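Student: Before I ask anything, here is the structure I am working with.
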Amino acid sequence: MAGYFEEMGWAELEDGQQPNHLLDMARFLIDFGLYEDNFTGEWPRLPPPASKEAVQSLADVTVETDDKSCPICLKKFNIGDKAKEMPCHHQFHAKCILTWLDKTNSCPFCRHELPTDNEGYEAFKKEKKRAEQRKEDIETLHNSMFS
Amino acid sequence: MANIAAKRIKREFKEVMKSEEVAGGTIKLELINDSWTELQGEIVGPPDTPYEGGTFLLEIKVPETYPFNPPKIRFMTKIWHPNVSSVTGAICLDILKDQWAAALTLRTVLLSIQALLSAAEPNDPQDAVVAKQYREDIELFNLTARHWTNAYAGGPTAIWEFNQKVQVLLDMGVEEDQARVALSTFDWELERATEHLFS
């Protein structure tokens, strides 16, 4: 059985680390339903930029066909052109995709998300995933009882 | 204007001109100035909606940072819709705000706005008055939207009773757009609309 911390998606405090009381307060308010806009909603603004690490580790590829265009500037790729490839395999000019990822973290074509350096947003994503998982668990339980 | 924005608009313009929507007459795109920063869009009202048969003009302003930021689009033709301001024509549509993606184009945006006319989002309104009517009296909303389509967008269905009421207010010296907004807002009750206009 997974430990409590693991199940909640939390990490134990390291030596010398202080708890984040503001974050605790926010969790308390949400857990007791005192703050309506909980994690069923959407992130209210454009998600933050992709993390530096994720951007640096984007694959450099050489374009092998001439029937595709960069989805950002719409210019046609020629065979042999250099391009950056996202984990979702969509290819862009380096300048185009780097400008975009400096603004927000997702693929402009399919919205596949890269990690960000924004703690708040990462917490939001984790919480959203947990909420979905919980919903699924309840459904599974419900189905196993009433089928 | 930054080079990439103008170049991309040029490429998009060619793409739109070749598209089947332009061929079929459901959307149109025109240049307003030579610097590729201002365009005019046109969409026709989707079938089986109160907007059917109407032609709606849209003002499109392309920012220097396009396509990294969305184009600014508003309705120039007046329209009665929960997600469009009946006064300014401002549109509440997620892809024009926080859900913008650089791979979206003027063509896909115009198609999304057209789709918004078929499927309103009354829970995320731009115009609270219209949204309230949409939620509480969908039949009256449909009639009002049809009347606006007839009055401003060249739609085919005139609603005699509404036209009469607008005329009554015109005869009192009220300006036409104002009269129509007041009557639409007060569920076509002449007395309440008059009271509002003259209070």
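The values are calculated or read from the model by the stated rules, or taken from the named source; none is laboratory data. Bear in mind that the values here come from a model prediction, so they are computed numbers and not experimental data. Backbone-built Cβ (ideal geometry, glycine too); neighbour counts: all protein chains shown.
Student: Considering the range B:7-21 alone, what residues qualify as being more than 9 Å from every other protein chain (Cβ to nearest Cβ) and either among the β-branched types (V, I, T) or in contact with a Cys (Cβ under 9 Å, 6 or more places away or on another chain) (or both)?
Tutor: Once the filter is applied, which keeps residues that are more than 9 Å from every other protein chain (Cβ to nearest Cβ) and either among the β-branched types (V, I, T) or in contact with a Cys (Cβ under 9 Å, 6 or more places away or on another chain) (or both), the range B:7-21 yields B:I9, B:V16.
Student: Tally the residues that are of a type outside the set (A, V, I, L, M, F, W, C), within 14 Å of chain A (Cβ to nearest Cβ) and over 24 Å from B:F141 (Cα atoms), restricting the search to the range B:63-112.
Tutor: Looking only at that region, the number is 13.
Student: Tell me the residue from B:A182, B:A101, B:A119 that is in contact with a strand residue (DSSP E or B) (Cβ under 9 Å, 6 or more places away or on another chain) and free of Cβ contacts under 8 Å to residues at least 60 places away in the same chain, please.
Tutor: B:A101
Student: With (1) within 14 Å of chain B (Cβ to nearest Cβ); (2) over 21 Å from B:P67 (Cβ atoms) as the list, and A:I97 as the residue in question, which single condition is left unmet?
Tutor: That leaves (2) as the condition not met.
Student: In this structure, does B:I60 turn out to be at pLDDT below 95 and either within 14 Å of chain A (Cβ to nearest Cβ) or surrounded by 15 or more Cβ atoms within 10 Å (Cβ to Cβ) (or both)?
Tutor: In short, no.
Student: Moving on to the next point. Sort through B:L111, B:L106 and tell me the only one that's over 14 Å from the mean Cα position of the chain (by Cα) and within 16 Å of B:L39 (Cα to Cα).
Tutor: B:L106
Student: Among the residues of the range B:122-139, write down those that are surrounded by fewer than 19 Cβ atoms within 10 Å (Cβ to Cβ), more than 14 Å from chain A (Cβ to nearest Cβ), in contact (Cβ under 8 Å) with a residue 40 or more places away in the chain and out of contact with any Lys or Arg (no Cβ under 9 Å at 6 or more places or on another chain).
Tutor: Answer for the range B:122-139, where residues must be surrounded by fewer than 19 Cβ atoms within 10 Å (Cβ to Cβ), more than 14 Å from chain A (Cβ to nearest Cβ), in contact (Cβ under 8 Å) with a residue 40 or more places away in the chain and out of contact with any Lys or Arg (no Cβ under 9 Å at 6 or more places or on another chain): B:V129, B:D137.
Student: Report every pair of residues separated by at least 6 positions or lying on different chains whose Cβ atoms are under 8 Å apart, first residue within the range B:12-24 and assigned to a helix (DSSP H, G or I), second among the polar types (S, T, N, Q).
Tutor: So the pair list comes out as B:E12/B:T105; B:E15/B:T105; B:V16/B:T105.
Student: Considering only residues that are surrounded by fewer than 20 Cβ atoms within 10 Å (Cβ to Cβ) and either in a loop (DSSP other than H, G, I, E, B) or touching a helix residue (DSSP H, G or I) at 6+ places or on another chain (Cβ under 9 Å) (or both), which ones fall in the range A:94-105?
Tutor: Correct list: A:K95, A:L98, A:T99, A:D102, A:K103.
Yes or no, residue by residue, for (1) closer than 22 Å to B:S19 by Cα; (2) assigned to a helix (DSSP H, G or I):
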position	(1), (2)
B:R107	yes, yes
B:Q114	yes, yes
B:D124	no, no
B:V129	no, yes
B:R135	no, yes
B:E139	no, yes
B:W148	no, yes
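Student: Further question: For the range A:54-85, how many residues meet the condition of being in contact with a Pro (Cβ under 9 Å, 6 or more places away or on another chain), surrounded by 13 or more Cβ atoms within 10 Å (Cβ to Cβ) and hydrophobic (A, V, I, L, M, F, W, C)?
Tutor: Residues that pass the stated criteria total 6.
Student: I've got another one for you. Could you tell me whether B:Y66 is assigned to a loop (DSSP other than H, G, I, E, B) and closer than 30 Å to A:S106 by Cβ?
Tutor: Yes.
Student: I need the full set of residues from the range B:160-199 which are of a type in the set (G, A, S) and surrounded by 19 or more Cβ atoms within 10 Å (Cβ to Cβ), in order please.
Tutor: B:A179, B:A182, B:S184, B:A193
Student: Which of the residues that make up the range A:46-70 are in a loop (DSSP other than H, G, I, E, B) and under 21 Å from the mean Cα position of the chain (by Cα)?
Tutor: Hits for the range A:46-70 are A:L46, A:P47, A:P48, A:P49, A:S51, A:S57, A:L58.
Student: Working only within the range A:1-22, note down all residues that are at pLDDT below 80, in a loop (DSSP other than H, G, I, E, B) and within 23 Å of the chain's Cα centre (by Cα).
Tutor: A:G9, A:W10, A:A11, A:E12
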